[in-house]
Structures are given as structure tokens and as C-alpha cells.
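First the structure, in the form of C-alpha cells, and then the observations on it.
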Amino acid sequence: MTADELSKSNLGPESGTGSYGSSEVSASSPSADSSGLKSDWSSRIDALRQQETDLKRAIVDLQSTYNRLTQDQFQKIQADIGRMVQQGTVDLEQRKRSLQKEIEALERRQERIQTEMRTTFAGASQDLAVRVQGFKDYLVGSLQDLAVAAEQLDLASASRSRAVPEGEEGGNAPNRPSPRRAVADSAPAQPAFASNAFQDQTERVRSLLDQYRMRPDYYGPLWQLRRTFEPIHAERVSNWFFAQGGRGAVKSMGSRLQNVLVASAALSVLYALYGNRLRTLVLSNSPERLGEWRRGLQDCLGISRADFGTGQGVMLFDAPEPLAQRADRITADSGLPFIVVDEAESVISLALLQFPLWLAFAPDPMNPAAEYDYY
């Protein structure tokens with residue numbers, strides 16, 4: 001058998017069957033490919049869905065982690081803020097307590113200073129300054145008086161030892177006036193504040209009263225008014241100077257301290273005008289009232305106990321007779337007595353009215369305690 005026959009025998013019914021089988025295989029291959037694609041896409045979709053699920057789960061985990069971290073951080077911040085607020089509150093409380101202690105200490109110091117100022121007029125330092133100034137004035141005045149006394153002694157001894165020259169029989173030689181007499185002759189003998197002849201002196205008095213009222217000096221020199229001077233006080237003093245001529249009674253202010261203030265203003269003006277020639281004599285009928293006058297004059301004028309005596313400054317009397325005798329001696333010694341009569345004196349001695357300067361406090365006419373009589 002040849003090769004062609006052999007090949008034809010192979011293309012028989014089996015060959016046809018084989019051809020048919022081949023056609024079946026070629027026809028079924030697209031469906032196999034589509035199912036493969038479907039399974040491939042299905043697996044991909046499942047993978048994507050799994051990824052989506054994983055991503056959602058991761059998002060949920062991240063969200064819960066974020067929430068947990070945020071809550072923890074917020075709680076930590078809240079705790080920190082709470083601690084800061086608590087610490088700040090504690091610090092503020094401590095500062096408040098320390099400030100309260102400082103305020104209490106300052107208030108106690110203020111009360112102590114006010115108490116010292118009320119009891120010692122201006123505190124210990126001011127009292128020391130006043131004492132030093134008073135001692136200085138006292139020394140200066142004593143030295144001046146000593147110098148005048150020494151000059152008088154020298155003149156007297158010289159006149160006794162010197163013989164009377166010829167042509168001057170009977171001691172007709174001119175006498176040299178003493179310095180004290182020269183000062184006394186140069187000053188007006190009788191104050192006349194209401195007279196037009198003393199216009200310069202009147203202007204000085206008005207200027208001093210205005211100074212006391214509008215420009216008070218609480219630390220001024222001795223014998224100058226150191227207290228608040230109201231218009232009602234100035235009216236009393238001005239009327240006594242210019243309407244009564246420095247001689248007369250004024251209506252009481254209602255209290256002894258206010259009367260002392262009025263008398264101190266008048267005394268201060270007179271001292272500014274006449275200096276050491278002035279001698280103040282206060283009359284009251286009891287030692288207690290005289291003690292009030294002494295303390296009041298010290299407080300108003302800055303003077304001390306050394307300025308109260310029998311020969312200078314201020315003198316206190318509980319009876320008019322010795323006061324009049326002392327005023328006579330002061331006048332004989334070229335001094336100028338200034339008599340102040342307390343409101344408690346029910347009568348005024350006629351012996352006091354002969355002197356150029358006297359100031360009496362009369363009870364209020366609306367509520368008289370005792371009438372002022374003369375004997």
C-alpha cells in the first residue's frame with residue numbers, strides 16, 4: 001500500500017469524526033474564554049471588595065484611634081489647664097493674703113501716726129525740732145538781755161566813778177538813754193489800731209490775719225499762729241483790733257479751746273508788732289482752766305513751758321489784783337502788757353481797764369452763763 005492510500009484510509013469515517021471533533025473544539029473555545037474572563041473579573045472584584053472591606057476596617061480603626069488619642073489629649077489638656085488654674089488660684093490667694101497683711105500693717109501704721117500727731121501735735125521729730133528752735137530762741141533772747149544788762153551796768157558804774165565836770169553843777173550833764181529805753185521810745189507808746197494815724201500798722205495787722213486764714217503755717221516760728229484760722233475767728237480778731245482798738249470784750253466762741261485760738265491769733269499779731277516788749281497775762285478763776293489755757297497756747301503758738309513765767313512770755317493768774325500789780329511793773333519797765341480774761345470770770349476789775357490792751361471773752365447773749373460786771 002502506497003502512502004496516498006494510507007493517507008486516504010486515515011481520512012475515513014474516523015477522520016470525519018476527527019474533523020467534527022475539531023470543529024467542536026474550535027466552536028466551544030470562546031465560551032471557555034468568557035468563563036475564564038468572568039472568573040478572573042470575579043476574583044478581581046472579590047479582591048477589590050476585600051480591599052474595600054479592609055480599607056473600611058482600617059478607616060474605622062484609624063477613626064477609633066484618632067478619637068481615643070483626641071480624647072486622651074483633651075483630657076490631658078483639661079488636666080493641665082485644671083492644674084494651672086488651681087496653681088494660679090493658690091498663688092492669687094497667697095498674694096491676696098500677703099496684700100491684706102500689708103494693708104493691715106499700713107493701716108496700723110497710719111493709725112499710729114495719726115495718734116502721734118494728735119497727741120504730740122506733729123510727731124516726735126517735729127516736737128524735737130520745735131524744742132530745738134525754742135531753746136535756740138531762748139538762748140538768743142537770754143544773750144540779748146544779758147548784753148543789755150551788761151551795758152547798763154557799765155554805764156551805771158562809769159557814771160558813779162566819774163566826777164562832775166566844771167560848768168555842769170548839779171549834775172546837768174545830758175544823760176545817755178539806755179538801749180531798752182531807746183527801743184521803747186521809738187515804738188508807739190499806746191497802740192491805736194482804730195486810728196488813722198496808724199495806717200501802716202493797720203495794714204500789717206490785716207496782712208497777718210489774711211495770712212493766718214488763707215496760708216496757715218503749721219510749722220512756723222514760735223509765737224506765730226499754727227492752727228487753722230476760720231473766717232469766724234478772723235472776724236472776732238479783726239473787730240477787736242479795728243472796731244474796739246485792742247480794748248474790749250468779744251463774744252465767746254462756745255468753747256475754751258476756740259477762745260484760746262482767738263486769743264492766740266491776737267497775741268501772735270501783737271508779738272509780730274511789738275516783739276519782746278509784749279507780755280501776756282491770762283486771768284481765770286481756777287487752776288484747771290489756767291492749765292487749759294497753758295496747753296492751748298502751747299499748741300497754737302508752738303511755745304513751751306519755758307515761755308511761761310513771772311518775768312517774760314505768758315503769765316497765768318487766778319485773781320485780778322496780782323495781775324494788775326504785775327501789769328504795772330511791766331509798764332514801768334517799758335513793757336506792754338496784754339491782758340486776756342477767761343469767759344468764766346463773772347466780773348472784770350476796773351484796775352484792768354487802765355491798760356492799753358485787754359481782751360475779755362463774754363458769754364453768748366443767747367445762752368448767758370454769767371453777766372460781766374464792773375467793780
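The values are calculated or read from the model by the stated rules, or taken from the named source; none is laboratory data. As the structure is a computational prediction, the values presented were derived from the model and not from experiment. Note: ideal-geometry Cβ built from the backbone for every residue, glycine included; neighbour counts use all protein chains shown.
Points to keep in mind about this one:
- Test: residue 306 is under 25 Å from residue 235 (Cα atoms) and either touching a residue at least 12 places away in the same chain (Cβ under 8 Å) or surrounded by 23 or more Cβ atoms within 10 Å (Cβ to Cβ) (or both): no
- Residue in the stretch 316-330 that is within 37 Å of the chain's Cα centre (by Cα), touching a residue at least 40 places away in the same chain (Cβ under 8 Å), on the phi < 0 side of the Ramachandran plot and buried (at least 17 other Cβ atoms within 10 Å of the Cβ) present: no
- The stretch 287-326, residues that are closer than 13 Å to residue 342 by Cα and of a type in the set (Phe, Trp, Tyr): 293, 317
- Among the residues making up the stretch 226-257, those that are surrounded by 15 or more Cβ atoms within 10 Å (Cβ to Cβ) and under 21 Å from the mean Cα position of the chain (by Cα) are 226, 227, 229.
- Exclusive hit being closer than 18 Å to residue 343 by Cα and modelled with pLDDT under 90, set 248, 220: 248
- Residues of the stretch 261-286 that are out of contact with any strand residue (DSSP E or B) (no Cβ under 9 Å at 6 or more places or on another chain) and either surrounded by fewer than 20 Cβ atoms within 10 Å (Cβ to Cβ) or closer than 15 Å to residue 342 by Cα (or both): 261, 264, 272, 273, 275, 276, 285, 286.
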